[in-house]
Amino acid sequence: MTDSNPSLYEQLGGEAAVNAAVDIFYRKVLSDHRINRFFDNTDIEKQAAKQKSFLTMAFGGPNNYNGADMRQAHAHLVIKLGLDDSHFDAVMEHLSGTLEELNVPQNLIDQVAAIAESTRHDVLNR
Amino acid sequence: MLLHKITLEDRQVVCQNGESVLDALLREQIDIPHACREGACQSCMIRSLDGSPPIAAQKGLKDVLRHQDHFLACLCYPQQDMHISLTPPADFFTEASVIAKERLNAETLLLTLQSKEALDYYAGQFVNLRRADGLTRSYSIANNRIHTHKLTFHIRRLAGGRFSEWAHQELNIGDTISVSDPQGLCYYLPNQPEQSMLLIGTGSGLAPLAGIISEALHHGHAGDIHLFHGSREVDGLYWIEEMQQLAGQYPNFHYTPCVSKGDAPAGFGAGRANDVAISTLPSLKGWRVYLCGHPDMVNQTKRQAYLHGAQLQDIYADAFHVASSTLD
């Protein structure tokens, strides 16, 4: 039996695509003065692994997305450092920018963006 | 039958056919950190105690972690019975005696120990040194692995540092001290002889780096090796002439001493070692990076190196956390 409708994850290129994207995406995020202070006290290696899990999910790949964990992980950033929509928007901008750099077709970028967007309320603890 | 037994301390779990080690442990209510279950987050990393785990379970891990039989429980489908550990190995100690004590500078001591048993270490690893009353501190091994019984350490005297003060003042040639098994993942493996290497150390962070450089040169490492050793003032550095000589001897070894306070003498970098290094070598794509010394320097430089092109897998770091008050 063949699958005539490859999943979003398959269309994007699976894990290899996530690896390529994570590298570009995380460098963009850490270089952006609007948002890189949120990462000042994080272990860069552990954080890169989290970024990979996040991108895998946004790419429609295998994941165990847990809204409660996402809230907990960002709660102190919201309370102490004022994490808000503008910062979330900046990250979304880097996500689209990364995919554009990788020549991903716009209709797939839109699908990834929609999945990432669905985490906004958890990230911002609303 | 494809059932394999997983032994963890005094517990045994049977891994069913097609079941990952992570799922088997969780099924038996063994609490193990985990998140993505697909090899991305690496939070379920554990270690095999009886040889190499399946290669597929080591996907994405740093070479030194693979070398020490770490693997991801979520990706591991056992091919045989396994003995695993969730925690770092317990310290085993062997006895050693002091065979030399020299001054490297006003505050740093070069201590040489001769161990009773041969120690299997890699240049750049550290051991725990334990005094008779139990007081224990971690120190990096400062030599390469050619010497199996002889270990050297750079012990910096710290304000209020009980161990370093004792080692400087009271520890004498002929005295014995306990030495743990070597530990740590900031070390050299001769698997990429062409790769360029950047090493940045502050203060006695030179110790593991000197061991790594000596090991790399001994293996005929062909890529360029750049060392930046920093301190606030020239007095805080040591082995300046030795490193300059080594640079004269090996055309691929480059050495830059750095001072962050006041004017830098000719041939010295002016500024913090990490800043001097990054401005000298702005493109680190494909490089291997070793960082040792003050935790703030190590953390900051990890990020700098990554943003200048180094892969995280190629960044090896050893942050010197100290028990006493201050450290530059």
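Since every read-out is calculated from the coordinates, none of them should be taken as a lab result. Keep in mind that what you see is a predicted model, and the values were worked out from it rather than measured. Note: ideal-geometry Cβ built from the backbone for every residue, glycine included; neighbour counts use all protein chains shown.
Structural size metrics of region B:197-319, computed from C-alpha coordinates, are Rg and Dmax of 13.2, 38 Å. All other residues whose Cβ lies under 11 angstrom from that of B:Q192 are scored, Lys and Arg at +1 and Asp and Glu at -1, for a net of -2.
Each DSSP beta bridge with both residues in the protein assembly as shown is either parallel or antiparallel, and the antiparallel ones are about 60%.
Debye-formula intensities of chain B, expressed as log10 I(q)/I(0) at q = 0.10, 0.11 Å⁻¹, are -0.65, -0.77 (one equal scatterer per alpha-carbon, no solvent).
Can you give me the angle between helix B:240-249 and the longest principal axis of chain B, using Cα atoms only, in degrees from 0 to 90, rounded to the nearest 10? Long axis of B:240-249 versus the principal axis of chain B: about 70 degrees.
Report the paramagnetic label zone for B:L135: residues of region B:151-186 whose backbone N is under 11 Å from a point 7 Å from Cα along the Cα-to-Cβ axis. Residues B:160-171 fall inside that zone. The dipole here belongs to the protein assembly as shown: it is taken about the Cα centre, uses +1 on the Cβ of Lys and Arg and -1 on the Cβ of Asp and Glu, and is about 560 debye.
Each residue, B:I146 and A:N64, gets one label point 7 Å from its Cα in the Cβ direction; the gap between the two is 4.9 nm.
Please report the net charge: other residues with Cβ closer than 13 Å to the Cβ of B:D81, K and R +1, D and E -1. Working shown, then result.
Working: positive: B:K5; negative: B:D50.
Net charge around B:D81: 0.
The modelled label-to-label distance for the pair B:Q29/A:I24, using points 7 Å beyond Cα in the direction of Cβ, is 4.8 nm.
Helix A:44-58 and the longest principal axis of the C-alpha atoms of chain A enclose an angle of approximately 50°.
Entry note, chain B: the mean residue ellipticity at 222 nm calculated from DSSP H runs of n ≥ 4, each adding -39500 (n - 2.57), is -5500 deg cm²/dmol after division by the residues and rounding to the nearest 500. Per-residue mean of foreign Cβ neighbours for A:49-56 is 5 (Cβ atoms of other chains, 10 Å radius).
Under the definition of Cα pairs under 8 Å and six or more residues apart, what whole-number percent is the relative contact order of chain B? Write down the numbers at each step before the final one.
Details: 707 pairs, mean separation 44.3, N = 328.
For chain B, the relative contact order is 14 percent.
Using C-alpha pairs under 8 Å with a sequence gap of at least 6, the mean separation divided by the residue count of region A:2-78 gives a relative contact order of 40 percent. Remark on the protein assembly as shown: B:C15, B:C44, B:C74, B:C76, B:C186, B:C258, B:C292 stand apart, with no other cysteine beta carbon under 4.7 Å. Its Cα centre serving as origin, chain B has a Cβ charge dipole (Lys and Arg +1, Asp and Glu -1) of approximately 360 debye.
Selection among B:Y238, B:T176, B:F228 by position relative to the dipole of region B:106-240 gives B:T176 as farthest towards the positive end (Cβ unit charges, Cα centre).
Counted over all Cα-Cα pairs of region B:77-139, pairs farther apart than 17 Å make up 59 percent. Placing dummy labels 7 Å off each Cα toward the beta-carbon, the span from B:K285 to A:R37 is 3.2 nm. Per-residue ellipticity at 222 nm computed for chain A from its helices equals -21500 deg cm²/dmol, with DSSP H segments shorter than 4 residues left out and the rest contributing -39,500 (n - 2.57).
Here the peptides B:42-54, B:176-188 are ranked by packing, the mean other Cβ count within 10 Å, and the order with the highest first is B:176-188, B:42-54. Count Lys and Arg as plus one, Asp and Glu as minus one, and take only other residues whose Cβ is under 15 Å from that of B:N143; the net charge is then -2.
Peptide A:16-28 is shielded by partner chain Cβ atoms: per residue, an average of 1 of them sit within 10 Å of its Cβ.
In this model, which of A:K46/A:K80; A:K28/B:K285; A:K28/B:K261; B:K59/B:K302; B:K150/B:K261 are farther than 25 Å apart at the alpha-carbon? The pairs that break the limit, which is 25 Å between Cα atoms, are A:K28/B:K261; B:K150/B:K261. Please label the shape of region B:93-180 as rounded, prolate or oblate, based on the square roots a ≥ b ≥ c of the eigenvalues of the alpha-carbon gyration tensor (a/c under 1.5 means rounded; beyond that, a/b larger than b/c means prolate, else oblate). Because a/c hits 1.5 or more and a/b exceeds b/c, region B:93-180 counts as prolate.
For the peptide B:307-316, the mean number of other protein chain Cβ atoms found within 10 angstrom of a residue's Cβ is 2. Helix B:206-218 and the long axis of chain B differ in direction by around 80°, with both axes built from C-alpha atoms. Its Cα gyration tensor gives the protein assembly as shown an equivalent ellipsoid, and the semi-axes of that ellipsoid, as √(5λ) in whole Å with the largest first, are 41, 29, 20.
Quote the FRET efficiency, to the nearest 0.05, computed for B:K59 versus B:E233 with a Förster distance R0 of 51 Å and r equal to the Cβ-Cβ distance. Spell out each step's value before the answer.
On the way: r = 46 Å, r/R0 = 0.91.
Result of the calculation: an efficiency of 0.65.
Placing +1 on the Cβ of every Lys and Arg and -1 on the Cβ of every Asp and Glu, with no other charges, gives region A:11-123 a dipole of roughly 280 debye about its Cα centre.
With viscosity set to 1.567 mPa s and temperature to 4 °C, compute the Stokes-Einstein D of region B:70-216, Rh being the Kirkwood radius across alpha carbon pairs; µm²/s, no decimals.
Numbers: Rh = 16.7 Å.
Rounded to a whole number, D works out at 77 µm²/s.
Where does each of B:E107, B:E194 land when they are ranked from fewest to most other beta-carbon atoms within 10 angstrom? The partial results should precede the final answer.
On the way: B:E107 19, B:E194 9.
By the 10 Å Cβ count, ascending: B:E194, B:E107.
Here the contact order of region B:106-243, divided by its residue count and restricted to Cα pairs under 8 Å and six or more residues apart, works out to 29 percent.
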